[in-house]
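Worksheet for the structure shown next.
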Amino acid sequence: MNNSNQDVIKSNSQLLQKEMISRNYDRITSGQFKVSSTFVPGNLNELLMCFDIANNLPEINAIQNAMRKKSGDFITEAERSGHSEDVCTYVKADIGMMEKGNIAPNGKPFPDPDMLLLSYTGCFTFLKWFELLREQYKCPTVMLHVPYAADGKVTKNMRDYIVTQLKEEVIPTMEKISGIKFDIDRLREYLRKSAQAENDLVWMLEQSKHKPSPIDCYFGGVYYMGPIFTAFRGTDEAIVYYKLLREEIQQRIDLGLCAQTPEGDMSEEKYRLVVEGPPNWTSFREFWKMFYEMGAVVVASSYTKVGGVYDYDNFRHDPDHPLESLADYCLGVYTNRNLPTRVDMLARNVKEYEADGLLINSIKSCNSFSAGQLVMMREIEKLTGKPGAFIETDLVDPRYFSAANVKNRLESYFQMIDQKRRAGGSATVAV
Amino acid sequence: MSAKPVEKIVDFCQGIFEDITFAKARQWKDAQPGRKVIGYMPVYVPREIIHAAGMLPLGILGGGADMEVIHGDAYYQSYICRIPRSTIELAITGKLDFVDGMMFPSICDVIRNLSGIWQIMFKDKYVRYFDAPQNFKDEIGGVFYSNELRELKEGLEKLGGREITDAQINNSIAVYNENRDWVNRVYDFRAATPWNAPAAEVYLLMRAGMVLPVEEHTQLMKDYLEAAAAEPRPMRDNCRVTLIGTFCEQPPLNLIKSLEMAGCYIVDDDTMLVTRWLLEAVPTDGDPIDNLSKAFLHHSAETAAKYEVNLEEKGSYMLESIRKRGADGVIFAAPSFCDPALLDQPMMVHRLEALGIPYITMQYAENSGQMQPIREQAGTFADSIKLWSSS
Ligand code: SF4
Ligand code: SF4
């Protein structure tokens, strides 16, 4: 490490992002805006902006609470009030937070939402989660049913269905709640901005093809995806953020730096991985540290596609087809893709990013990601000839993160990669 | 013929239930060259269209309590319910080799992703993920769903090598209308005199309907009702419960038996909802796709996998079942790790609590063996209901 102390090193783009996030929480809690809750996959931020509705994302709140070590208590609270141990811990962290006063990360209480935008995209749990919240808040709830891209392609029927729901259900509800009439040109303008930021985002994702990779595309990647996945897609701020990020990454490439970590730049890149599945949030830093201490960098991950896939088939929001492009965006998020497509995406990542293999972080909470991962791993091993590895943790439930187990698994995996290298063939060492 | 008719019918059903090679469906297929079998998983597929294609719809409900899962555990983590792993086990051990296609309804992410596993592992089979609308307006969800049904029809036409006409679908709708009618009669009969139609018998009778051709199943139910009515059995001092949460992974037959033995007559349940998903007879003239679509949108059962548009209506299907079947309370029995059942349960519980209707909750896996705790829990529940109703 270039930096030995424990202080977290933050770049300008990170500082800017921090400021953006806290500004969004201030906006949500200000009492001056109507507030909608919605989900990261299928997040219709540009549309909400057309009605000046603030965007509150419960998944992000759960992550924030996990990183502040609060989610464990919230989950216990929800379980005490009758929620099963077996279900998604995001839901329980959210419900527990509600039961314990509903305080936002800025210390102010969350207002009750004015609407629940149930973007039903890529995850069954969303449906129940917002039914549960609706029971509590009794506020207007609008379902946007996004069909599953089960055959790996989007059909006209799927797209038309979403567009009709947008026109007939979602937009009229937003008009009613906000008192603002829908202006499609305003939407076009936001989508134009989205596409601009998305270009820089894709550029960013692709830079980990460099050896050494200037960025970590999983642990670092979740920060880089922050603005576009949350309340900033379609804003000027997102454009500025991704431009700044791009400059920083370019600088790192020019200087030949390894990936940035909370403790400074990695001094050496020994292993390049593709990671499937969400990270663990309760021990995020400890988890990440296990990787960079062993010289492992993540060059591509599926989790950085959970709020939208922009690189695989080059999707961009399209101001010329605004509603259709929102439909295609929703249809294309990672968890709405069928398993053969996920396999293809990850196998391509392993090859194109010259990774040593695929690591799966299987999340107890999440059937949307986890069901089928063992089959995916074997398929990807077959397609790439690179070894895969499997670890198990949870998102925001601290009870399911066993540091010793994870570390053991990782060590064995890296030994396996070393052995493979010694046997010849798959060396991708970049120092 | 020494066996009593009821016993004979139940034995026949039990044989079908225990046979994980699906011999009856294989026989049907082998009886004529070119026949095709389409497997389907819970909770609902329009079997009418498969039937109209001249194919046999075959309900696949996992491997049951007795099948040893050897390979399936290499496919699924321990924190995923059991039905996908035992279903994979059935497939990779060749028990589904005669099945020409599989349908995976949009019930949860496990079944959804299982459709992808099928696409990866069984490339020569027809695989259809069956997406049902969560918007229930004719001009929105209805248009989408009708097109999905047409795509399904076209897929089966291609597989079967022949066109499926509207007349054929209308004919199949009539056949399934009759089947649903008899399913409802069995359920009515059980609710009226549960001692004469034990839950385990009704369960086996419905399970037979997952495998047999629909016409045979309808006849079987007629025979059963006639036999059961002719053979009154002693009434016991049991309470009456609705069983909820069993719509996908199946409870072991022993669990059903244990509940009744412990003093709870099951007067309604949500197993194999496909048999009574559509709540009214579907018209048998006009555009059959349109009719099936409208039936789904406006006259179908509620379950955890279906969005309830109105907050006030949430749980009303359960409450109606309690009212109509005269249940004293509810047993929520959910498969472990089942997102739909377990996430829905707190909302159902709130509805019951508001009305002071008693309930208990329990979890199972299709291969749960230990029934003692369940018997004790159900026994205490039955006693408390009796005490409560006599006070
Ligand atoms: S089940 Fe998975 S995708 Fe769904 S809310 Fe939970 S973590 Fe997110
Ligand atoms: S038992 Fe529940 S979670 Fe498992 S496949 Fe069935 S519906 Fe899905």
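Note that the protein assembly as shown presents 36 Å² accessible area per residue, ligands and nucleic acids not counted, probe 1.4 Å. Between B:Pro133, B:Pro213, B:Pro346, the GNM of chain B built on Cα springs shorter than 10 angstrom shows B:Pro346 fluctuating the most.
Once the chain from B:Met235 to B:Glu216 is taken as fully extended at 0.36 nm per residue, the excess over their C-alpha distance is 3.8 nm.
Here is how the number arises for chain A: DSSP H runs of 4 or more residues each give -39500 (n - 2.57), the sum is divided by the residue count, and the result at 222 nm is -15000 deg cm²/dmol.
For B:Gly245, the shell of other residues with beta-carbons less than 11 Å away shows a net charge of -4, using +1 for Lys and Arg and -1 for Asp and Glu.
Taking 0.36 nm per residue of sequence separation and removing the Cα-Cα distance, the B:Gln27/B:Glu139 pair yields an extension gain of 36.0 nm.
Other residues within the sphere of radius under 10 Å centred on the Cβ of B:Leu297, judged by their own Cβ, net out at +1 (K and R +1, D and E -1). The stretch B:44-76 and the stretch B:355-389 have their alpha-carbon centroids 29 Å apart. For the peptide B:338-349, the mean number of other protein chain Cβ atoms found within 10 angstrom of a residue's Cβ is 6. A Förster radius of 45 Å, combined with the Cβ-Cβ distance separating B:Leu355 from A:Glu324, puts the computed FRET efficiency at roughly 0.45. Surface burial for B against A, with a 1.4 Å probe and both sides summed, reaches about 4600 Å² of accessible area. Centre-to-centre separation between the Cα atoms of the stretch B:264-339 and those of the stretch A:155-206: 35 Å.
Given the pairs A:Lys128/A:Lys176; A:Lys209/A:Lys386; B:Lys24/B:Lys123; A:Lys156/B:Lys306; A:Lys34/A:Lys153; A:Lys108/A:Lys305, which are separated by over 27 angstrom at their Cα positions? Flagged as over cut-off: A:Lys34/A:Lys153; A:Lys108/A:Lys305. Comparing A:Gly388, A:Gly82, A:Gly221 in a Gaussian network model of chain A where C-alpha atoms under 10 Å apart are linked, the largest mean-square fluctuation is found at A:Gly82. When only the Cβ of Lys, Arg, Asp and Glu is charged (+1, +1, -1, -1), the dipole of the stretch B:1-130 relative to its Cα centre reaches about 400 debye. Quick check for you: which residues of the stretch B:309-344 have the amide N under 16 Å from the point 7 Å beyond the Cα of B:Ser78 toward its beta carbon? In the stretch B:309-344, the label zone of B:Ser78 (backbone N under 16 Å from the point 7 Å along Cα→Cβ) covers B:336-337.
Shown here for the stretch B:124-172: GluC sites (Glu not before Pro) in loop regions (DSSP other than H, G, I, E, B) with at most 11 other Cβ atoms within 10 Å, namely B:Glu163. The alpha carbon centroids of the stretch A:20-84 and the stretch B:191-251 are separated by 47 Å. Projected label points at B:Lys257 and A:Ala404, each 7 Å from Cα along the beta carbon direction, are separated by 4.4 nanometres. At an R0 of 30 angstrom, the distance between the Cβ atoms of B:Asp223 and B:Lys158 translates into a FRET efficiency of 0.20. Spin-label pair A:Trp203-B:Ile70: with each label point 7 Å from Cα along the Cα-Cβ axis, the two points sit 5.7 nm from one another. Among the residues of B:121-131, the average count of other protein chain beta-carbon atoms within 10 Å of the residue beta-carbon is 2.
Assign one of three labels to chain B, namely rounded, prolate or oblate, based on the Cα gyration tensor with a ≥ b ≥ c the square roots of its eigenvalues; rounded applies when a/c is under 1.5, prolate when it is not and a/b is larger than b/c, and oblate otherwise. Cα axes put chain B in the rounded bin. Computed over chain B, the per-residue total of -39500 (n - 2.57) for DSSP H runs of n ≥ 4 gives a 222 nm mean residue ellipticity of -15500 deg cm²/dmol, rounded to 500. Shape class of the stretch A:319-409 from the alpha-carbon gyration tensor: oblate, with a/c at 1.5 or above and b/c at least as large as a/b.
Compare B:Val99, B:Val69, B:Val241 in a GNM of chain B, Cα atoms joined below 10 Å, and give the one with the largest fluctuation. Maximum among the listed residues: B:Val69. Shielding of peptide A:336-349 by partners, expressed as the average count of other chain Cβ atoms within 10 Å per residue Cβ, is 2. Solvent-accessible area assigned to carbon and sulfur over chain A amounts to 48 percent, based on a 1.4 Å probe. Here the contact order of chain B, divided by its residue count and restricted to Cα pairs under 8 Å and six or more residues apart, works out to 20 percent. Given Cα pairs under 8 Å that are at least 6 residues apart, what percent is the relative contact order of the stretch B:32-173? Computed over the stretch B:32-173, the figure is 27 percent. Between A:Glu411 and B:His299, the modelled label-to-label distance comes to 6.7 nm, taking each label 7 Å out from Cα in the direction of the beta carbon.
Classify the protein assembly as shown: rounded, prolate or oblate, from the alpha-carbon gyration tensor (a ≥ b ≥ c, eigenvalue square roots; a/c under 1.5 rounded; otherwise prolate if a/b is larger than b/c)? Cα axes put the protein assembly as shown in the prolate bin. Charged side chains reduced to their Cβ positions (Lys and Arg at +1, Asp and Glu at -1) give chain A a dipole of some 460 debye around its Cα centre.
The values are calculated or read from the model by the stated rules, or taken from the named source; none is laboratory data. Source: prediction; values computed, not measured. Virtual Cβ from ideal backbone geometry, glycine too; neighbours counted across all protein chains shown. Quick note on the areas: whole protein, heavy atoms, side chains included, nothing else; ligands and nucleic acids left out. Shrake-Rupley method; radii C 1.70, N 1.55, O 1.52, S 1.80 Å.
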